[in-house]
Amino acid sequence: MGKRKYLKLYRDCAFNNNCRNIQTTRITVSNYPIPRLVSYNKLMQFIKSISIGTLYNVQDTLCDGTEKVIGCYRNMRKLLVNLAKFYLNKCSGYSLLWFGEETNTFHVALGGDGAPFGKDDTSCSWLVSFLNIRSGVLSSNENFLIFGANCKEDALPVKRYIKILLSDICIAQLLRIKTFVF
């Protein structure tokens, strides 16, 4: 949700707007004010403090200068290592499913898709999903965006990113990381 929509929701959820007076009052239930949302500035400060790793610019690294593709991508190997550390952490609360005798082996799926979206009328994204999660396999919580750009699926920057992914998969197989590509 954008800044304007969040600010409107912030005002509408916790305050009564009196049309005749400019002054607003907090909504109360049984003389207790209801909790209000975090202010936009504090929320954005918290979101910006979260480390999501290094993001690479598609236009700077995958385009040859003639294309104007706006987007970002992440290094798949670094992301998988960070996610494995997260899922293996006992405090994360996830119960992992080990397939057969392959303990401490993660199974991941890669998938790419394009769809008409926004003012550019095209978009393409690549996701990585962990298949070792018992109840969350089909949820969106275990899908992580590794590439997103405003271009078609067959554009040159996407083809270059696929080459990067393929080299990462070959290295992962050398390191005995099992990867499934859909």
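Summary table
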| item | result |
| --- | --- |
| Residue count, region 61-80 (criterion: under 23 Å from ILE171 (Cβ atoms) and over 17 Å from the mean Cα position of the chain (by Cα)) | 2 |
| Region 55-82: number of residues that are assigned to a helix (DSSP H, G or I) and of a type in the set (D, E, K, R) | 3 |
| Condition broken by ILE162, with the remaining ones in (1) modelled with pLDDT of 85 or more; (2) farther than 20 Å from ILE52 by Cβ; (3) part of a strand (DSSP E or B); (4) among the hydrophobic types (A, V, I, L, M, F, W, C) satisfied | (3) |
| Residue count for region 139-159, restricted to those that are within 15 Å of MET76 (Cβ to Cβ) and either at pLDDT below 85 or of a type in the set (Val, Ile, Thr) (or both) | 3 |
| Subset of region 116-138 that is among the hydrophobic types (A, V, I, L, M, F, W, C) and part of a loop (DSSP other than H, G, I, E, B) - its residue that is modelled with the lowest pLDDT | VAL137 |
| Top-ranked residue in region 40-54 [being assigned to a helix (DSSP H, G or I) and among the hydroxyl-bearing types (Ser, Thr, Tyr); ranked as surrounded by the fewest Cβ atoms within 10 Å (Cβ to Cβ)] | SER49 |
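The values are calculated or read from the model by the stated rules, or taken from the named source; none is laboratory data. What you see is a predicted model, and the numbers here were worked out from it, not measured in a lab. So basically every Cβ, Gly included, is an ideal-geometry build from the backbone, and we count neighbours across all protein chains shown.
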